[in-house]
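The values are calculated or read from the model by the stated rules, or taken from the named source; none is laboratory data. In this text the structure is predicted, and so the values were computed from the model without any measurement. Positions of Cβ are backbone-derived with ideal geometry, glycine not excepted, and every protein chain shown enters the neighbour counts.
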Amino acid sequence: MNQDTNEIIREFLVNQATLTAIVSTRIYYPRLPENCELPALGFFTRGGKSTPYIPPIITPSIQFDCWDDDMYGARQVYRALYDVLQGIQNETVTVGGTDYMILGAEEEVQGQDLQDIDIPTYYRVLTFFSIMIRAQ
């Protein structure tokens, strides 16, 4: 698979009404832009696995940072993200004219409440998901 998994995941997330009702299109990778409006969601691929026996299937491990200016808001972003990802199966995503299928997603680490050290008015919930993707 040659496609950037971050693009596939972002394309899926920006089309999830439950999530975009909270963050709009403020879904960024690999990090939030400086002075980003909140609430927002940042994510990046931190690793994962693939198999040489089934090349079009990969399973990246994704770190998600759910941001807002208070912990309650950051938790709302996290809950919306959890609802759209946990346990999904066989979701088709089209990027650049190519179809990809998200075969499944599973939370690896439950949300952790954190306050930013450098910007004390930024709160986030940190979570990790494993997402299995197949090129069609």
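Summary table
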quantity: Residue check, residue 86 at pLDDT 95 or above, within 22 Å of residue 49 (Cβ to Cβ) and of a type in the set (S, T, N, Q); calculated: no
quantity: Filter result (aromatic (Phe, Trp, Tyr) and either at pLDDT below 95 or farther than 19 Å from residue 122 by Cβ (or both)) within region 1-28; calculated: 12
quantity: Every residue from region 89-124 that is farther than 26 Å from residue 36 by Cβ and free of Cβ contacts under 8 Å to residues at least 24 places away in the same chain; calculated: 89, 90, 97
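Table: residues versus (1) out of contact with any helix residue (DSSP H, G or I) (no Cβ under 7 Å at 6 or more places or on another chain); (2) over 22 Å from residue 109 (Cβ atoms); (3) polar (S, T, N, Q); (4) free of Cβ contacts under 8 Å to residues at least 12 places away in the same chain.
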{"position": "39", "(1), (2), (3), (4)": "no, no, no, no"}
{"position": "48", "(1), (2), (3), (4)": "yes, no, no, no"}
{"position": "52", "(1), (2), (3), (4)": "yes, yes, no, yes"}
{"position": "61", "(1), (2), (3), (4)": "yes, no, yes, no"}
{"position": "65", "(1), (2), (3), (4)": "yes, no, no, no"}
{"position": "78", "(1), (2), (3), (4)": "yes, no, no, no"}
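Results for (1) acidic (Asp, Glu); (2) at pLDDT 95 or above; (3) exposed (fewer than 11 other Cβ atoms within 10 Å of the Cβ), shown as yes or no for each residue.
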{"position": "51", "(1), (2), (3)": "no, no, yes"}
{"position": "58", "(1), (2), (3)": "no, no, no"}
{"position": "68", "(1), (2), (3)": "yes, yes, no"}
{"position": "80", "(1), (2), (3)": "no, yes, no"}
{"position": "116", "(1), (2), (3)": "yes, no, no"}
